[in-house]
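Read the figures in this text as sums done on the coordinates, not as results from a lab. Because the structure is a prediction, the values reported are computed rather than measured. Heads up, the Cβs are rebuilt from the backbone with ideal geometry, glycines too, and the neighbour counts pull from every protein chain shown.
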Amino acid sequence: MDWINRYIDQPLLHGAAGLLRSWHLRTRQPPELLEPTWNLVVLSFLLIASGQFMAGRTFTLSVAALVMLALPSARKLLSAVKAGQGGYGAREYKSLRARAIAKREAEWSVRIIVLFASACLPFIARIDDPVGACFMLGASIWFVLTGPLKAYLDAAEPPEPNEGDRTYSGVFHVG
């Protein structure tokens, strides 16, 4: 287990923390908005792909399924916009950090299982029905691109609120 933790879990946690840091530095958005944004990007890609490969009722069904998958992420992003979010400050950082530490310690086996399942799912699932095969392929792509990312982003160390701020210097604020 130490090997899995050292060579798989920890590097992925550090990568997720770096991704959160880059997201925060580039967009100045709270780190918790990265996952729903990424989910909507993946679902948009799948919507475009389903438009290319499906028609009629199957396309309508796939659009309905993709919309249902997008609703929680869209709701989270819209609620953040409506709340006006006073930004990402020390209170939000402490809350995210405490939640990440709890998830990092308690759910490491879940992260590994999700990672393993996302690696195996596209190879295991075979369906003879062409429409069912398209749905399973889309579901596999969605899970592979969003499942492990969500698990690791939830457990990653969030960026400090002042990170990247050139006016911040230690204890003193300039400007």
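Overview of results
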{"item": "Helix 108-124 vs. the chain, principal-axis angle (Cα, 0 to 90°, nearest 10)", "result": "30"}
{"item": "On Cα atoms only, tilt of 10-27 relative to the major axis of the chain in degrees", "result": "80"}
{"item": "Normalised contact order of the range 2-164, rounded percent, pairs of Cα under 8 Å and 6 or more residues apart", "result": "41"}
{"item": "The range 13-103, relative contact order in percent, only Cα pairs under 8 angstrom and at least six apart counted", "result": "30"}
{"item": "GNM top mover of 70, 139, 90 - the chain, alpha-carbon springs below 10 Å", "result": "90"}
{"item": "Low-density loop positions, trypsin sites (Lys or Arg not before Pro), the range 1-44 - DSSP coil, at most 14 other Cβ in 10 Å", "result": "28"}
{"item": "On Cα atoms only, tilt of 130-155 relative to the major axis of the chain in degrees", "result": "10"}
{"item": "FRET efficiency estimate (nearest 0.05) - Cβ-Cβ, residue 7 to residue 79, R0 41 angstrom", "result": "0.60"}
{"item": "Read-out log10 I(q)/I(0) by the Debye sum over Cα atoms at q = 0.09, 0.11, 0.16, 0.18 Å⁻¹, derived from the coordinates shown; its label in [x] -0.59, -0.71, -1.02, -1.15; [y] -0.38, -0.53, -0.96, -1.15; [z] -0.41, -0.59, -1.05, -1.20", "result": "[z]"}
